[in-house]
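Accompanying notes for the structure given below.
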């Protein structure tokens, strides 16, 4: 197989598996807040670029936190319309990105359009900067990109395998609990049935209906 076909194959895999870059566009009124959540694996870089439509006298804030409430990026009351942020996840977590359009002094409601682009993993790396820093040729840059993509795919499959094992363990534990609960329920029913028989027997004897 020629090198060109190999690159084409890996390029196809890149398109299939690297769904880690997307853009969102939404509208935000003055005084409103919109939050988005993103699931990131350990040691994965997340970058974001945001742009808000211009509004005279209007300010906005952006706040990025993890599930424990730690602040990873915060910018408050900025008047300009563009900005960027980036961080590396220390562990697997779900991160929340919140954008707030602050109310105007006269309480006038202004609608602003927000455009947010987030990239993580391979897509978050700037291979142009890497090529300049390491003086790589275009083919070497592409091979570096494909190598990173391969590592990303392997890590994703390893994570899926780990999750599968965790789910299997949870299912087995649940099945065992259901089995023990069923056995306990049967024993309780048998005990109640035996108690009822003995009670009725004593009752009938007391009424002299049986010997």
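Quick notes on this structure:
- Considered as a group, the residues in the range 111-126 that are farther than 19 Å from residue 155 by Cβ and surrounded by fewer than 17 Cβ atoms within 10 Å (Cβ to Cβ) include one that is farthest from the chain's Cα centre (by Cα), and that residue is 111.
- A search for C-beta distances below 6 Å between a residue of the range 80-94 that is surrounded by fewer than 13 Cβ atoms within 10 Å (Cβ to Cβ) and any residue that is not in a strand (DSSP E or B), counting only pairs 6+ apart in sequence or on different chains, returns 91/42; 94/67.
- Scanning the range 46-62 for residues that are more than 17 Å from the chain's Cα centre (by Cα) and either crowded, with 17+ Cβ neighbours inside 10 Å or at pLDDT below 90 (or both) returns 50, 52, 53, 54, 55, 56, 57, 58, 59, 60, 62.
- Subset of the range 1-35 that is surrounded by 14 or more Cβ atoms within 10 Å (Cβ to Cβ) and under 16 Å from the mean Cα position of the chain (by Cα) - its residue that is modelled with the highest pLDDT: 21
- From the list 200, 194, the one residue that fits, being in a helix (DSSP H, G or I), out of contact with any strand residue (DSSP E or B) (no Cβ under 9 Å at 6 or more places or on another chain), modelled with pLDDT of 90 or more and more than 30 Å from residue 42 (Cα to Cα), is 194.
- Taking the criterion of being under 30 Å from residue 32 (Cα atoms) and in contact with a helix residue (DSSP H, G or I) (Cβ under 6 Å, 6 or more places away or on another chain), no residue of the range 111-148 qualifies.
- Within the range 105-124, residues that are in contact (Cβ under 8 Å) with a residue 24 or more places away in the chain and on the phi < 0 side of the Ramachandran plot have Cβ atoms under 6 Å from residues that are assigned to a helix (DSSP H, G or I) and surrounded by 15 or more Cβ atoms within 10 Å (Cβ to Cβ) in these pairs: 122/148; 122/149; 122/152, counting only partners at least 6 apart in sequence or on another chain.
The values are calculated or read from the model by the stated rules, or taken from the named source; none is laboratory data. Everything numeric in this text was worked out from a predicted model, so none of it was measured. Note that each Cβ is placed from the backbone with ideal geometry, even for glycine, and that neighbours are counted across all protein chains shown.
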